[in-house]
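Chemist: Before anything else, here's the structure in question.
The values are calculated or read from the model by the stated rules, or taken from the named source; none is laboratory data. Keep in mind the model is a prediction, meaning the values are calculated, not measured. Positions of Cβ are backbone-derived with ideal geometry, glycine not excepted, and every protein chain shown enters the neighbour counts. Each accessible area value is taken on the protein alone, full model and side chains, heavy atoms only, with ligands, DNA and RNA left out. Shrake-Rupley method; radii C 1.70, N 1.55, O 1.52, S 1.80 Å.
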Amino acid sequence: KQEEQVVAGASDGKNNDKLLRTIAAAKAADTIDLEAKAAQKVAQLEQYVRAIKKTGVIMETDKESLALTTQLQDATRTLIKLRYGDFQATTPYRIKLDLEFQSTIPDFDSKGKDGTIVIELAPISLIPYSVYNFLEIARTWKNGAFHRNAGHVLQAIARSNVKQSMPFQEYSKEYPHKKYTVGYAGRPSGPEFYISIQNNSGAHGPGSQQQHNPYEADCIIGRVIQGVEDGTVDRIHTMPGKEFLSDKNKWVLIRRMHILVPKGDGSDDDEYVEFSSSPEVLPDV
C-alpha cells in the first residue's frame, strides 16, 4: 500500500522521500523481527538436540535424532541468511584472522609480528550449524591464540560469546578433514578449533578417536584459502615447542576476526567486503 502511494505521489518529491524512508524502516524492522524469531527457533531446537545427545544414543542412525538435527539445520540456514546475508552456495562466507607473532617465533627479526589467514567456510547446504557457530564466534570474538603445535594440527583457543561446544557432531562426507581444512577440537567439538596440517580424514573422520560410534567425527568448519602459499600456516608451526604450549609467550595470538561476505552486486564473484569485525584489542589469553 505504501509503495503504491510512492508511485501515486511521485510528483511530490519531499513527501515521496519521507514515505520511502518510512518503508525502508518498516522493512528493516520486519527483518529484525524475523531474525529474532529465527534465533529463538534455533535455540529451542538446539536444546532438544543437546538433550538427545546426552542420552548417548548414536545420533547418526537414530530416527528421532536425525529428524531433530535436520530441523535444526534447516532453521539454522534460515537464521544465517537473515543475520549474515543470503548468498549463492558458490560464494560462501569467509573469516579473516589477524595474527600477531611474538618475539619468540624464530623468524621474528626478519618477518615481524603481523600475519593473516583467511578461512572459507563450508557450504551451508552441507554443515550449516558448524558454519553458523563459527560466524557467531567471529562476530563476538574477544581473544584467542594458537597454543598447540602438534604434528597433525595447529589448535587455537577461542574466546567469544560462544561458550558451549557443538550440540551434535555435524559432519558431511562431502567435506572431509583434508590438509588445510579447519575443524572444531574435542568431542563434543568446539569452540576451540584447529587447522589440519596433514590429511586428517582418518584421524578425525567417522569412527575416529572412540569405539562407541562408528559414524561420529570431528565437526568441520571450512578451509584455509589464504595463508598457505605465503607461508603463514607453516610459520605458526614454528612456535617453539611441541603439543600444548604452557608458555603464553610462545603462542601466536589471534588479535581480530573479520567476517567477509560477497559484494553482492554481481560484478565479481571473487570480490568480498567486510560485514563485521571484532574490536581491535590485544588479546589477554
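Chemist: Working from Cα positions, state the angle (0 to 90°, nearest 10) between the long axis of helix 128-139 and the longest principal axis of the chain.
Modeler: Tilt of helix 128-139: around 90 degrees.
Chemist: Now, a different point. Quick query: amide H of R255 versus all other amide H atoms, modeled in the peptide plane; which residues come in under 5 Å with a sequence gap of 5 or more or a different chain?
Modeler: Sorted by chain and number, the residues that satisfy this are D98, L99, E100.
Chemist: What do you get for the angle between helix 13-54 and the principal long axis of the chain? Use alpha-carbon atoms, 0 to 90 degrees, nearest ten.
Modeler: Helix 13-54 and the main axis of the chain meet at about 40 degrees.
Chemist: Name the most mobile residue of H212, H237, H147, meaning the one with the largest mean-square fluctuation, in a Gaussian network model of the chain with Cα contacts below 10 Å.
Modeler: Taking springs between Cα atoms under 10 Å, the residue moving most is H212.
Chemist: Between Q44 and Q210, how many nm apart are label points set 7 Å from Cα along the C-beta direction?
Modeler: Between Q44 and Q210, the label points sit 2.9 nm apart.
Chemist: Starting from the amide H of G222, placed 1.01 Å from N in the peptide plane, find each other amide H under 5 Å away whose residue is 5 or more places distant or on another chain.
Modeler: Here A122, V182 satisfy the definition.
Chemist: Then there is this: Can you give the Rg/Rh ratio of the chain, where Rg is from the C-alpha atoms and Rh is the Kirkwood radius?
Modeler: 1.05
Chemist: Just want the answer: with Cβ charges of +1 for Lys and Arg and -1 for Asp and Glu, which residue in H258, V224, H204 is farthest toward the dipole's positive end in the range 186-285?
Modeler: H204
Chemist: L45: accessible area at probe 1.4 Å, nearest 10 Å²?
Modeler: Accessible area of L45: about 10 Å².
Chemist: Ok, one more. Too long at a 25 Å Cα-Cα cut-off: which of K111/K242; K54/K142; K41/K63; K178/K242; K37/K263; K173/K242?
Modeler: Going by Cα-Cα distance, K54/K142; K37/K263; K173/K242 fall outside the 25 Å limit.
Chemist: Right, something else. Treating only the Cβ of Lys, Arg, Asp and Glu as charged (+1, +1, -1, -1), what charge dipole size does the chain show about its Cα centre? Round to the nearest 20 debye.
Modeler: Charge dipole, the chain, about its Cα centre: 800 debye, nearest 20.
Chemist: Under a 1.4 Å probe, what is the accessible area of the chain per residue, stated in Å²?
Modeler: Heavy-atom accessible area per residue stands at 51 Å².
Chemist: So, one more: Round to the nearest 10 and give me the degree value, 0 to 90, for the angle of helix 63-84's Cα axis relative to the longest principal axis of the chain.
Modeler: The answer is roughly 60 degrees.
Chemist: Carbon-plus-sulfur fraction of the accessible area of the chain, 1.4 Å probe, in percent?
Modeler: Numbers: 7140 of 14480 Å².
Ligands and nucleic acids excluded, carbon and sulfur reach 49 percent.
Chemist: Calculate the spin-label point distance for I32 paired with S277, positioning each point 7 Å from the Cα along the beta-carbon direction, and give it in nanometres.
Modeler: Distance between label points: 2.5 nm.
Chemist: Moving to a separate point now. For the range 97-153 and the range 61-92, compute the distance between their C-alpha centroids and round to whole Å.
Modeler: Each part reduced to its Cα centre gives a spacing of 24 Å.
Chemist: Arranged from highest to lowest average of other beta-carbon atoms within 10 Å per residue, in what order do the peptides 126-133, 183-190, 60-67 appear? Provide the component values of the computation, followed by the final result.
Modeler: Working: 126-133: 23.8, 183-190: 21.0, 60-67: 12.6.
So the peptides 126-133, 183-190, 60-67, ranked by packing, come out 126-133, 183-190, 60-67.
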